[in-house]
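> Can you keep this structure in mind? I'll have questions shortly.
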Amino acid sequence: RDMPIPGLPGVTDFTLFGGLNVCVVGWALLACPPSWRPKRWKAVVLGLCFVFGVLYVVTLANALVTGLVPEQAGFGTLDGVTELFKVREVVFSGWTHFVCHDLLVGVWVAEDSQKRGVPHIAFATVTLPLLCLAGPAGVVAHLTLAQALSAIGGKRKAT
């Protein structure tokens, strides 16, 4: 069954799900070398995240207010979280959360990579795909790579 989206007559989670793939625009901008990115690239990505954030709040609030979330569902136990994600409306909200949050983390890592002098080719070929497909693994890769490059650079300066 399709979940109507409050405030958007005739629009359902099914029709909006494919639209979440517009996040690819944000990932493509992050993949571009910094000098190739349009002047307002960050505003575009943050604008996408804002839209995803509003959609998340609206759909999650709708699921909570309409009583679709089982009483035993919640974040206090693994069983509670399992019950929570058995609800289609919550799964849609959760996916929207992941799409938004991972893209925001991508912005932070892109900027941090630049500040730390991580070569863009390393960011684009190692860190970015991991961020996009396995969020926290991309953060670990970034922090490890940045630290390793810093340690190598520090040794070069000391000798």
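The values are calculated or read from the model by the stated rules, or taken from the named source; none is laboratory data. Source: prediction; values computed, not measured. Cβ sites come from the backbone with ideal geometry, for glycine too, and all protein chains shown count toward neighbours. Note: accessible area is taken over every heavy atom of the protein model, side chains too, but ligands, DNA and RNA are not part of it. Shrake-Rupley method; radii C 1.70, N 1.55, O 1.52, S 1.80 Å.
> Given the criteria free of Cβ contacts under 8 Å to residues at least 24 places away in the same chain and either part of a helix (DSSP H, G or I) or more than 30 Å from residue 127 (Cα to Cα) (or both), does residue 89 qualify?
Here the answer is no, as residue 89 does not meet what is asked.
> Of the residues 16, 20, 64, which single one is touching a helix residue (DSSP H, G or I) at 6+ places or on another chain (Cβ under 6 Å), under 20 Å from residue 96 (Cβ atoms) and either modelled with pLDDT under 95 or in a helix (DSSP H, G or I) (or both)?
Of the residues listed, the single one that is touching a helix residue (DSSP H, G or I) at 6+ places or on another chain (Cβ under 6 Å), under 20 Å from residue 96 (Cβ atoms) and either modelled with pLDDT under 95 or in a helix (DSSP H, G or I) (or both) is 20.
> Return the pairs, sorted by first residue and then second, in which the second residue is among the hydroxyl-bearing types (Ser, Thr, Tyr), the first residue lies in region 3-15 and is on the phi > 0 side of the Ramachandran plot, the beta carbons are less than 7 Å apart, and the residues are 6+ apart or on different chains.
Matching pairs, first to second residue: none at all.
> Across region 29-52, what is the total count of residues that are without any contact (Cβ under 8 Å) to a residue 12 or more places away in the chain, part of a helix (DSSP H, G or I) and open to solvent by less than 50 Å² (accessible area, probe 1.4 Å)?
1
> Of everything in region 79-100, what is open to solvent by 50 Å² or more (accessible area, probe 1.4 Å), more than 12 Å from residue 20 (Cα to Cα) and of a type in the set (A, V, I, L, M, F, W, C)? Give them in sequence order.
85, 91
> Shifting gears a bit: Please determine whether any residue of region 136-148 is modelled with pLDDT of 95 or more, open to solvent by less than 70 Å² (accessible area, probe 1.4 Å), closer than 18 Å to residue 24 by Cα and part of a helix (DSSP H, G or I).
Yes, region 136-148 has at least one match.
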